[in-house]
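Contents: one structure, followed by commentary.
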Amino acid sequence: MLKQKVRCMNKGWNTTLLGLELHELTRLVEESEEPGYRARQLFQAVYADRAADTEDVSTLPKEFRSKLKSKGIVVGLPEVTNKFVAGDGTVRYLMRLADGETVETVWMPEGDDGESGDGSEAGSESNGRAWSRATICISSQAGCAVNCQFCLTALLGIKRNLTAGEIVGQVIAVLRDRQVSPPEERVNLVFMGMGEPFLNFENFIKAVRLLAQGVGVPESRMTVSTAGIVPRIYDLGSETVRPKLAISLNAPNDQIRTEIMPINKKWNLQQLLTAAREFPLRNREKLTFEYVLLKSVNDSVQHARELAELIRGIKAKVNLIALNPGPGVEFKTPDEAAVLRFQKILIDSGVPTFIRRPRGRDIYAACGQLKRTLELAS
Ligand code: SAH
């Protein structure tokens with residue numbers, strides 16, 4: 001039944017403006033026997049001006065708006081059904097998509113120190129607003145197929161891929177709610193919400209283009225994180241418009257990695273690190289390795305040394321995340337001292353290493369906690 005609906009939706013791509021690139025809007029406009037420049041007006045209206053309804057787009061003649069309506073052509077923003085606000089200002093949005101599926105998107109007014117590509121930018125720029133490092137964490141799939149043992153999203157299993165319009169729509173819905181307007185107002189985007197972006201590569205990369213060219217977030221302020229889908233790392237490297245790359249490493253050797261991330265059986269550390277070494281970095285760009293610290297599993301002095309050795313020579317920084325706990329996850333969070341000790345060993349080995357601050361843990365908005373928590377609360 002769900003499959004059927006999804007197929008319907010995918011087939012009906014031309015009824016949702018969000019997700020369409022300029023050349024696709026041009027075709028849509030021509031099919032409606034309207035002048036070509038209307039495509040640019042639509043592009044501006046849905047991505048830059050963030051219209052929720054074509055009825056509200058005053059740059060378009062009334063007749064054209066009626067024509068769109070009668071053809072069932074809508075903007076297609078996801079509906080925000082719930083909003084949870086954490087003590088630290090983080091907001092977790094539960095969004096409902098056209099077929100009733102739900103995903104989560106997180107607004108972090110001050111980021112979590114994971115958004116900046118080289119660790120140097122964070123907080124260095126101020127536009128007079130408290131959230132000058134604001135970061136939106138976007139989902140790329142409903143659920144996830146990767147099955148990392150410490151992640152709550154994994155417990156959902158995979159529901160389905162999101163369309164490009166649904167990915168962009170999350171950002172626009174949050175910007176509307178926060179009344180924030182890039183590019184004048186600075187916003188970072190991280191593809192670190194629910195799902196594995198590289199298992200939905202085409203829609204993800206199309207969303208990136210629309211976010212850069214339409215919504216106005218520079219690609220240099222976007223970061224995509226992968227659990228290690230190696231062939232897609234090479235694909236990302238050959239894209240002209242692309243975010244920075246983060247790799248969820250999480251272990252210093254194959255034995256531990258396979259235990260906590262079964263995907264390691266498909267692409268092991270040697271394959272993953274070869275792809276990382278060959279990734280074509282731009283000027284001043286660095287890779288990010290994310291490393292979730294699990295008490296007594298991957299957080300020892302020896303593990304830190306092994307990790308430093310493993311990534312030696314790669315132009316990269318490491319982001320450490322102490323496990324965010326959750327029901328159904330058996331691992332423990334290491335204490336502060338163990339996290340600091342791990343960081344110090346890496347730094348002493350010459351690896352820039354940052355500790356990601358847990359954001360919105362109290363509302364289940366932190367890394368690895370996105371599980372549509374209406375279910376958890378009940
Ligand atoms: N699937 C992609 C995108 C999700 S990013 C990926 O795995 O990279 C989510 C990040 O949060 C990953 O770096 C992951 O390792 C981390 N993470 C997952 N569960 C976590 C948890 N319980 N506590 C802390 N970090 C977690």
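Annotations for the structure displayed:
- Inter-label distance, Lys315 to Gln179: 4.2 nm, where each label sits 7 Å from its Cα along the C-beta direction.
- Among the listed pairs Lys265/Lys371; Lys315/Lys371; Lys206/Lys332, those beyond 29 Å (Cα-Cα): Lys315/Lys371; Lys206/Lys332
- Percent RCO, i.e. relative contact order, over the chain, from Cα pairs under 8 Å lying at least 6 residues apart: 16 percent
- Heavy-atom accessible area per residue - segment 309-378, 1.4 Å, Å²: 48 Å²
- Calculated FRET value between Arg277 and Glu239, using beta carbons and R₀ = 22 Å, to 0.05: 0.75
- Zone of Lys332's modelled label, taken as backbone nitrogen in segment 259-296 under 11 Å from a point 7 Å along Cα→Cβ: 295-296
- Gain on full stretching of the segment that runs from Asp254 to Lys344 - 0.36 nm per residue minus C-alpha separation: 30.1 nm
- Pairwise label distance in nanometres, Leu22 with Val80, each label 7 Å out on the Cα-Cβ vector: 3.0 nm
- Taking GluC sites (Glu not before Pro) across segment 169-226, the ones in a DSSP loop with at most 13 further Cβ atoms lying within 10 angstrom of their Cβ are Glu184.
- Apportionment of accessible area to carbon and sulfur, the chain, percent (1.4 Å): 49 percent
- Rounded to 10°, Cα long-axis angle of helix 201-210 versus longest principal axis of the chain: 60 degrees
- Helix 301-310 axis, angle to the chain major axis (alpha carbon atoms, nearest 10°): 60 degrees
The values are calculated or read from the model by the stated rules, or taken from the named source; none is laboratory data. Predicted model only: the values in this text are computed from it and were never measured. When we count neighbours, we look across all protein chains shown, and the Cβ atoms used for this are built from the backbone with ideal geometry, even at glycine. When the accessible area is computed, the model is the full protein with side chains, heavy atoms only, and any ligands, DNA or RNA have been set aside. Shrake-Rupley method; radii C 1.70, N 1.55, O 1.52, S 1.80 Å.
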